[in-house]
Structure formats: structure tokens, C-alpha cells
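Enquirer: The structure follows.
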Amino acid sequence: MLIRSLLLGTALIMSAPAVAQDAAAPMAATAMPAAEITDPAQFATMAASSNMLEIESSTLALEQSQNADVRAFAEQMIADHTAASEQMATAAAEEGVTPPVGLQPHHQEMLDSLTGLEGEQFDAAYMQLQVQAHDEAVALFETYSTRGEDGALKEFAVATLPVLEEHQEHAHSMTGH
């Protein structure tokens, strides 16, 4: 028990400068796990970034992949996530929320992980990214559809969740997970 207390105390002391440094910065949407986001602005930020990740990574897949199944999946992701982006923009505007136009750092890192990959290595990394991205998106949309504030964004989350779950299932089946 004493050792655990000393370790915890040391960890808290070592992290204090980082916590103090970040305390003045506004809380970023990425600071909160997707499964806990219930604020409309945070939801719009994460959902917009997630859609952009899907579109940009899938556009890259159409450029890089020679695998017909991966290319078909990428085409579907571009079509569905472009439509979702448009629907979300309308819902966000109704609530007075302006989603960002760029990727969140976490999503940018995911996209960057595909850089320089080719062939089967690219296909495997792209599909793994799709699994991770859809697992996160489903968690985000499940939470917001059940615990988010009532309004157009919640209605969007409820309507979009089944499509994301289909994407998630498809991505998992393509990777064997």
C-alpha cells in the first residue's frame, strides 16, 4: 500500500507541470474520449474530423490500392461520408455550431500513417485505419444519439449511426476481426 501511494504521488508530482501548462488552454475535443462527448460543439468537431478522415484516407486508397475490394470499400466510404458531412453541416448550422474544416490531430496522425505505403502494405494499413476510425465513430455516435442534447445534431447522430455500424462491420470483416 505504501509503495502504491509513493508511486501515485510521484506520478502526480511529475505530471503537475504538464497539467498546469495545459490548464490555461481551452479543452480540445480530442482531450475527451469519443464515447464521452455529449456537447454539441465537441460532437460536431469530432464528427466532422472523422468524416474528413474517411474521405481523405479513402481518396488516398483509390490512388494507391489495386485491390478491387479495398477500392470498392473506399468508394463507398467517400460517397457515404460526403453525404454525412453535408447532413451534419446542415444540422450543425441549425444549432449554431460551426465545425472545423481541418482534421483533429489524432485523425491527422492516422492519415499520416498511410504515407509512403504501397501495395498490400497500404491495403492492410488502410483497412486497419478503417476499423479503428469506425470503432471510434460508432462510440461517438452511440453516445451522442443517447446522451447528447436534443436537437438537429442528435437527430443526425441517430440517423447516421446505423450506416456507421454497417461500415464498422464491413471493415472488421475485411480485416478478419
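Rule-based calculations on the coordinates, nothing more; no lab input. Small disclaimer: the values here were computed from a predicted structure and weren't measured. Cβ coordinates were reconstructed from backbone atoms using ideal geometry, including for glycine residues, and neighbour counts include every protein chain displayed.
Enquirer: From the phi of every residue in the stretch 42-53, what ³J(HN,Hα) in whole Hz does the Karplus formula 6.51 cos²θ - 1.76 cosθ + 1.60 yield, where θ is phi - 60° and glycine or proline is x?
Expert: Each residue of the stretch 42-53 in turn: 5, 4, 4, 4, 5, 5, 5, 5, 4, 4, 4, 4 Hz.
Enquirer: Which whole-number percent gives the relative contact order of the stretch 32-175, counting Cα pairs below 8 Å spaced six or more residues apart? Don't skip to the end; give the middle numbers.
Expert: Working: 170 pairs, mean separation 51.2, N = 144.
Rounded, it is 36 percent for the stretch 32-175.
Enquirer: For an R0 of 25 angstrom, estimate the FRET efficiency from the Cβ-Cβ distance between Q108 and T146 and round to the nearest 0.05.
Expert: Details: r = 29 Å, r/R0 = 1.14.
So, using R0 = 25 Å, E works out to roughly 0.30.
Enquirer: Next up: Order of R71, R147 from fewest to most other C-beta atoms within 10 Å?
Expert: On the way: R71 16, R147 12.
Placing the least packed residue first, the sequence is R147, R71.
Enquirer: Same structure, new question: What is the order of I55, I37, fewest Cβ neighbours within 10 Å to most? Before the final figure, lay out each step's value.
Expert: Values: I55 19, I37 24.
Listed from fewest to most nearby Cβ atoms, that is I55, I37.
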